[in-house]
Amino acid sequence: MSVLEKVRPERPATEARERRVTDEHGRRIRAGELAWRYLLLLAVLALTIGPFLWQLSTSLKGPTEDIYSSPPRFLPEHPTLHNYARVADTIPVWDYALNSLKVATANVVTNCVGSALAGYALARLRYRGRGAATLVFVLAMLVPVEGIIIAQFTTMRELGLNNTLIGVVLPGAVGALNVLLMRNAFRNLPYEIEEAAYVDGANVWQRFWRIGLPSVKGTLAVVAIFAFMGAWDDFLWPLIVLSDPSKFTLTIGLNYLHGTFANDERLVAAGTVIAVAPLIALFACLQRYFFRGVGEGAVKG
Amino acid sequence: MPISRRSLAAAALALVLPLSACGSGGDDGGPTDASGKVEGDITFQTWNLRANFKPYFEDLIADFEHTYPGTHVKWIDQPAEGYPDKLSADAAGGTLPDVVNVSPDLVAPLARAGLALDLDKAAGTYRSEYLPGAWASHRIPGMKGTYAFPWYLNTGPLFYNKALFEKAGLDPEQPPKTYDDLFSDALRMAEKSDGKVATLANVPTIEDFGRYGVPLMNRQGTAFTFNSAKGVELLTRYKELYDAKALDPQALTATPESAGKKFLTGAVAMNPGSALDLGNFKKNAPSLYRNIGITDQITSTGHVNMYVMGVMVNSRTRHTPAAVAFAHFVTDARHQMSFAKKVAIFPSTAGSLDDPYFTKEDGTDETRVRVAAAKSLKNAVNYTPVLFSDQMKTALRNEVAKALQGRQSPEEALDNAVNAADRLLRQG
């Protein structure tokens, strides 16, 4: 942007009559540069959503098509939804999706509530050992899940929660990273506002509920998306804690589509699309808040 | 990085498993004698067989419950990925099912933790029903006893792409038969195609070393020996292939699945497979199917490689007679035979391979592959050492990758791999 500003004043005024392409501030952008920007954006777009589109295309290809042809063909010749029906025939995909949804929703609720409360306590309340408590949360992030997974499993078994969906949710119910995210969001609010509320007679709960929370909605949305994705995508822990196939979550259930003896790529692709669709829907709903979360901390009018 | 996460998990499990298994030992162990009345509720766990064979197993279980009134079998099936992790966690948590589908390398840690029933003692009478080689495949070096019933066997030919052979000026009807032919054909293929077509897509695995005639382990089962001169020779030749791009440049990170895909796209000229792959080629890559060539596995020892699946009985089961009876029921000749007709596997029971189904040709490619495989199985060897764990496979793979990239000599690579494997072996 700064380069643009330096260049702009030297432009002859005659060009002003041409149709102008301007940026959000009304500054003019040269066509070449615009094309270059779009080209870069398209390249990144192709990199990020390309594989997903490929899966989508594979999942729509009919049984007679050569999916390994070289050069690869992107558009299916005989598009069909048959593969999706076959996924549902092979595995109880909707039951698995429902289990996943339960786990993910519970995870979102516990994470949002837990990390908002804990984050507020770490950021705003004054008590002995607050620094140490924060440090504990930071250290908790350093422990690799794989290292403690057996201990977690035996704990769940002692509690009688193995092979239950509660057992799946519990270890990730309040993520340390989410607590720290919320703590930082609360810390970025100016003290003065809360002091004003305090002078007006608001107690801690009221300050948390009426002042703090409404100002960190963006970060909360980020936490919600992370929690949802984390629960939705998790594989190893649900695999270990669940034994009964009827309680499996979608990620484990979809693994059945990888056959022991033969693999049907179309089936796997259709399963992948089913698994990813809810994530896209969720992000589409929350993206407004998601991006606001990045710029959060400013006092809003 | 799935590999590093996985190996981290495996390392953690290896540390925890022996401790916890010892700690919880002996509290709820059932009788080790299988001669009592067959009754009670047992759980049977398979490895990724539900999606395709649900009716088969439901019939099997109904049949068993009918034969032995008073029994009830609960069938659970685990997905393909993470099975070793799942078994370790269940072993540590004391939640291992009564009858478990295992492979020899999976049963070894369970047997060492005292969780697998010694079938020589508990079910020795059934021994003669199985092929001797298959029964022996679930013996653990350094331990007495056999720890699982042999279940299905798998082996297969080597597929090659005739069109690619022709393009490289090789005779498509004369596929390589020996390692020397294979390596010279591969180099020629790479040269003619400017490195675009590789012949092999996998780095050498422990089975490849075995098939090349490298002694893998000492007799006592206490140390690995694949860093001998013969092993170094094989790796040196693979390095030549890699440098000439006759070994696919992505082989370092390849899985059997990704290698199979490379073969389907025509980027790789040869790939090991089984009778099932023919159907896959027909369905997914019709143009390849028209040019498919089938030849025998290449081996310097005269014995092809086979994979063995087994069915283990949990030594802590409350209903030992029922569990043993069911494990035997699943693996007996009749049920293995009917399973073999559902999918291209081979029964491990004595005499089953003499069935006309495995000896009579009917002109189709599928049958030809099946008959040839069944014939080769009679003296096939399971080259994978029982004690060669997942972690050791990763260690070997990493060292081999470094050698192929030229970051260390083949000797160093194999010495390092042997040392790492021996260290893991001692940790047990």
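Just so it is clear, none of the values below were taken in a lab; they were calculated from the coordinates. No experiment lies behind these values; they were computed from the predicted model shown. Here Cβ is always computed from backbone atoms with ideal geometry, including for glycine, and neighbour counts include all displayed protein chains.
Some observations on this one:
- All Cα-Cα separations within the stretch B:154-219 were binned at 10 Å from zero, giving a P(r) of 18, 47, 26, 8, 2, each value a whole percent of the pairs.
- Nonlocal amide H pairs with B:His72, under 5 Å, H built at 1.01 Å: B:Gly40, B:Asp41, B:Ile42
- Sequentially through the stretch B:375-385, phi angles give Karplus couplings (6.51, -1.76, 1.60; θ = phi - 60°) of 5, 5, 5, 4, 10, 6, 10, 8, 5, 4, x Hz, Gly and Pro residues having no value and appearing as x.
- Here the Karplus relation 6.51 cos²θ - 1.76 cosθ + 1.60, evaluated at θ = phi - 60°, turns the backbone of the stretch A:125-137 into coupling constants of 7, 10, 7, 5, x, 5, x, 4, 4, 4, 4, 4, 5 Hz, with x for every Gly and Pro.
- Under 20 Å from the A:Ala46 label point (7 Å along Cα→beta-carbon), backbone N, the stretch A:71-101: A:71-76
- Using the Karplus relation 6.51 cos²θ - 1.76 cosθ + 1.60 with θ = phi - 60°, the per-residue 3J(HN,Hα) values for the stretch B:303-315 come to 10, 7, 8, 9, 9, 10, 10, x, 10, 9, 10, 5, 5 Hz, with x marking Gly and Pro.
- For the stretch B:142-178, applying the loop criterion from DSSP together with a ceiling of 10 other beta carbons within 10 Å to the trypsin sites (Lys or Arg not before Pro) yields B:Lys144.
- The stretch A:43-127: C-alpha gyration tensor shape, a/c 1.5 cut-off, then a/b vs b/c: oblate
- Charge dipole (debye, nearest 20) of the protein assembly as shown; +1 at Cβ of Lys and Arg, -1 at Cβ of Asp and Glu: 2240 debye
- Based on Cα contacts under 8 Å between residues 6+ apart, the stretch B:33-175 shows a relative contact order of 21 percent.
- The dipole here belongs to the stretch B:304-428: it is taken about the Cα centre, uses +1 on the Cβ of Lys and Arg and -1 on the Cβ of Asp and Glu, and is about 400 debye.
- Global form of the stretch B:295-336, assessed from the alpha-carbon gyration tensor, a/c cut-off 1.5: prolate
- Set of lysines near B:Lys121 by C-alpha distance (under 17 Å), chain-local residues within fewer than 8 positions excluded: B:Lys144
- Anisotropy class of the stretch A:87-294 from Cα gyration tensor, a/c 1.5 cut: prolate
- Simple label model, 7 Å out from Cα along Cβ direction - A:Trp36 to B:Ser228, nm: 6.4 nm
- Sites listed here are trypsin sites (Lys or Arg not before Pro) in the stretch B:265-308 whose DSSP assignment is loop and whose Cβ has at most 15 other Cβ atoms within 10 Å: B:Arg290.
- Longest DSSP-loop-exposure-free segment, GluC sites (Glu not before Pro), chain B, at most 13 other Cβ within 10 Å: B:174-360
- Mean ellipticity per residue at 222 nm, deg cm²/dmol - from DSSP H runs of n ≥ 4 across chain B, formula -39500 (n - 2.57): -14500 deg cm²/dmol
- Annotation: amide H of A:Ile91 has no partner in the under-5 Å range at sequence separation 5 or more or interchain, hydrogens built in the peptide plane.
- Net dipole in debye of the stretch B:230-314 [+1 Lys, Arg Cβ; -1 Asp, Glu Cβ; about Cα centre; nearest 20]: 220 debye
- 4 °C / 1.567 mPa s Stokes-Einstein diffusion coefficient of the protein assembly as shown, Kirkwood radius on C-alpha pairs, µm²/s: 44 µm²/s
- When the protein assembly as shown is described by a simple charge dipole with +1 on each Lys and Arg Cβ and -1 on each Asp and Glu Cβ, the residue from A:Pro79, A:Asn188, B:Gly124 located farthest towards its positive end is A:Asn188.
- Once the convex hull of all Cα atoms in chain B is built, its volume per residue stands at 135 Å³.
- Sparse-neighbourhood loop sites, chymotrypsin sites (Phe, Trp or Tyr not before Pro) in the stretch A:92-188 - DSSP loop, at most 11 other Cβ within 10 angstrom: A:Tyr127
- B:Gln78 long-range amide H proximity, modeled H, under 5 Å: B:Thr46, B:Trp47, B:Asn48, B:Leu49
- Counting Cβ atoms of other protein chains within 10 Å of each Cβ in A:244-252 and taking the mean gives 2.
- Mean separation of Cα contacts under 8 Å (6+ apart) over length of chain B, as relative contact order %: 25 percent
- Flagged links, alpha-carbon separation over 26 Å, of B:Lys86/B:Lys341; B:Lys177/B:Lys245; B:Lys239/B:Lys261: B:Lys86/B:Lys341
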